[in-house]
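For reference, the structure discussed in these notes is given below.
The values are calculated or read from the model by the stated rules, or taken from the named source; none is laboratory data. Being a predicted model, the structure only gives us computed values, none of them experimental. Because the Cβ atoms are built from the backbone with ideal geometry, glycine has one as well, and the counts that use them run over all protein chains shown.
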Amino acid sequence: MNRRDILAMSSVAAGFAALTPARLLAQGPAHASNVAGLKSLTGDAKPIDRTEYLARIAQARALMARHDIGALLIEPGASLVYFTGVHWWRSERLTAAVIPRDGDVAIVTPHFEEPSVRESLEIPADVRVWNEHEDPLGVVAGILRDRKVTAAVGVEETVRFFAVDALRRAMPRVGIVNGAPVVRGCRMIKSKAELALMQTAADCTIAAYRHVGPNIKAGMTPKVIGSMMDEAHRALGADPEFALVLIGEAAAYPHGTGNPQILREGDVVLMDCGANVQGYQSDISRTFVLGKASAEQRKVWEQMHEGQLIAFETARVGLPAGKVDDAVRAQYERWGYGPGYKLPGCSHRTGHGIGLDGHEPVNFVHGETTPLAPGMCFSDEPGLYLPGKFGVRLEDCLYMGAEKPVWFSTPPTSIDDPFS
């Protein structure tokens with residue numbers, strides 16, 4: 001549960017709303033967290049090497065052959081990074097990769113962007129440019145003709161419509177299909193190198209929580225607490241991704257509210273924070289109470305903690321991913337929550353895939369039939385939400401081992417020691 005657009009609506013908006021001049025004066029310094037003593041945990045992190053990039057291309061080609069796809073079209077984003085190493089952004093000027101089943105990989109980019117695009121290119125590739133008066137999809141079509149592509153072109157599922165539509169017009173006799181069987185088939189299964197980077201990212205986030213937690217005080221706003229996490233992540237050598245902080249009733253809504261929030265004694269604090277190490281993500285949530293927890297707060301926390309462990313114990317290689325969600329929801333319903341996604345209860349899936357993207361296919365969600373396989377990575381976060389009161393979310397990520405899951409971060413065991 002995360003992402004920057006959500007933060008703009010919730011913790012950031014709430015923080016700005018709460019930080020009036022009078023309150024700033026009352027609070028004194030923005031926060032009391034001192035990161036001077038933190039040391040980077042990422043110095044030994046090993047980047048993905050060329051051998052692995054080439055292995056990914058080879059795997060993609062094997063999947064293309066299996067699904068009768070002649071080439072794959074990818075725009076900037078995590079999939080472009082995954083297959084080529086190219087870090088770029090999407091604009092009205094198309095930059096894309098064409099990965100044919102046979103022949104050289106090609107990069108298409110505006111003429112004036114070529115030197116910059118080449119800077120992060122990690123594989124041998126044919127770089128073809130287009131000028132402002134030219135049609136970039138005409139260049140893509142030329143590459144496909146040069147590679148003698150006659151089977152359907154698979155399009156990575158986030159490629160924008162204008163590119164698909166222009167390619168269809170440029171090559172009307174070549175079919176266009178969803179490239180997800182190829183892209184997902186590669187990206188869902190993480191290598192040892194990817195798992196190591198994700199472990200380092202999780203280590204950084206846990207270390208950030210342990211540093212920031214004791215410095216959280218009454219009178220703070222979500223923005224102040226989130227800034228403390230961002231600073232700690234940077235000091236630990238990770239790039240901050242998000243820091244969602246929900247206080248009191250705001251915690252009853254998974255992604256918060258735009259209403260002002262100021263921390264007071266007895267409030268529930270829900271923190272959902274993550275960072276990346278060389279692009280690979282962490283996503284960890286902790287919920288605690290400032291001061292002494294009430295009986296109800298403690299009960300819901302312990303129930304949610306049990307739900308998280310049910311998901312972990314249910315997940316086994318070969319099991320359809322949706323069964324993990326079903327197992328948690330069945331117990332929640334026995335406790336009187338729901339039924340299903342109704343509130344009070346868990347209104348969202350039990351977990352999402354994670355890797356280069358914070359949210360990736362597939363999910364721990366009802367009806368998902370994809371079998372769990374070694375190397376798949378997920379969040380485990382079946383939160384409980386009581387509208388008008390508070391919510392509890394504990395979130396830790398895991399990867400599937402040879403038979404069963406392995407934690408990237410270990411869940412806390414008590415609401416009284418949330419950062420253990």
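Would you confirm whether or not segment 388-400 contains a residue that is surrounded by fewer than 20 Cβ atoms within 10 Å (Cβ to Cβ) and assigned to a loop (DSSP other than H, G, I, E, B)? Checking segment 388-400: at least one residue is surrounded by fewer than 20 Cβ atoms within 10 Å (Cβ to Cβ) and assigned to a loop (DSSP other than H, G, I, E, B).
Reported count of residues in segment 142-191, each being over 28 Å from Val362 (Cα atoms), of a type in the set (Val, Ile, Thr) and outside any helix (DSSP H, G or I), is 3.
Okay, residues lined up against (1) over 23 Å from Arg184 (Cα atoms); (2) at pLDDT below 95; (3) not assigned by TED's automatic domain parsing to the domain that holds Gln278; (4) not in a loop (DSSP other than H, G, I, E, B):
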residue: Thr42; (1), (2), (3), (4): yes, no, yes, no
residue: Met64; (1), (2), (3), (4): no, no, yes, yes
residue: Val81; (1), (2), (3), (4): no, no, yes, yes
residue: Trp88; (1), (2), (3), (4): no, no, yes, no
residue: Glu92; (1), (2), (3), (4): yes, no, yes, no
residue: Thr109; (1), (2), (3), (4): yes, no, yes, yes
residue: Glu113; (1), (2), (3), (4): yes, no, yes, yes
residue: Val117; (1), (2), (3), (4): yes, no, yes, yes
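Evaluation of Arg90 against the conditions (1) touching a strand residue (DSSP E or B) at 6+ places or on another chain (Cβ under 9 Å); (2) in contact (Cβ under 8 Å) with a residue 24 or more places away in the chain; (3) farther than 30 Å from Leu398 by Cα shows that the sole unmet condition is (1).
Quick check, is Ala202 assigned by TED's automatic domain parsing to the domain that holds His67 and at negative phi? Walk me through how you get there before you give the answer.
Details: assigned by TED's automatic domain parsing to the domain that holds His67: no; at negative phi: yes.
So Ala202 fails the test.
State which residue is nearest to the chain's Cα centre (by Cα) when the search covers only segment 250-298 and only residues that are surrounded by fewer than 19 Cβ atoms within 10 Å (Cβ to Cβ) and assigned to a helix (DSSP H, G or I). If we take residues in segment 250-298 being surrounded by fewer than 19 Cβ atoms within 10 Å (Cβ to Cβ) and assigned to a helix (DSSP H, G or I), then Arg298 is nearest to the chain's Cα centre (by Cα).
If you go through segment 119-137 and pick out every residue that is part of a helix (DSSP H, G or I) and either touching a Cys at 6+ places or on another chain (Cβ under 9 Å) or farther than 25 Å from Asp68 by Cβ (or both), you end up with 2. Selection within segment 299-344: residues that are over 22 Å from the mean Cα position of the chain (by Cα) and among the small types (Gly, Ala, Ser). The member of this set that is surrounded by the most Cβ atoms within 10 Å (Cβ to Cβ) is Ala327.
On the given criteria, is Gly103 surrounded by fewer than 20 Cβ atoms within 10 Å (Cβ to Cβ) and touching a helix residue (DSSP H, G or I) at 6+ places or on another chain (Cβ under 8 Å)? Yes: the conditions hold for Gly103. For segment 318-340, indicate whether the set of residues that are within 19 Å of Asp283 (Cα to Cα), outside any loop (DSSP other than H, G, I, E, B) and either among the charged types (D, E, K, R) or out of contact with any strand residue (DSSP E or B) (no Cβ under 6 Å at 6 or more places or on another chain) (or both) is non-empty. Scanning segment 318-340, I find at least one residue that is within 19 Å of Asp283 (Cα to Cα), outside any loop (DSSP other than H, G, I, E, B) and either among the charged types (D, E, K, R) or out of contact with any strand residue (DSSP E or B) (no Cβ under 6 Å at 6 or more places or on another chain) (or both), so the answer is yes. Restricting His133, His87 to residues that are over 16 Å from Ala166 (Cα atoms) and surrounded by fewer than 17 Cβ atoms within 10 Å (Cβ to Cβ) narrows the list to His87. Here Ser420 meets the list (1) of a type in the set (Gly, Ala, Ser); (2) surrounded by fewer than 19 Cβ atoms within 10 Å (Cβ to Cβ); (3) at pLDDT 95 or above almost entirely, failing just condition (3). Just one of the numbered conditions (1) surrounded by fewer than 24 Cβ atoms within 10 Å (Cβ to Cβ); (2) in a strand (DSSP E or B); (3) without any contact (Cβ under 8 Å) to a residue 60 or more places away in the chain is not true of Glu241: (3). Pairing each residue of segment 152-170 that is over 16 Å from Ser91 (Cα atoms) and free of Cβ contacts under 8 Å to residues at least 60 places away in the same chain with any residue that is part of a strand (DSSP E or B) and not basic (Lys, Arg), provided the two are 6+ apart or on different chains, yields C-beta distances under 9 Å for Glu157/Asn178; Glu157/Pro361; Arg168/Ile176.
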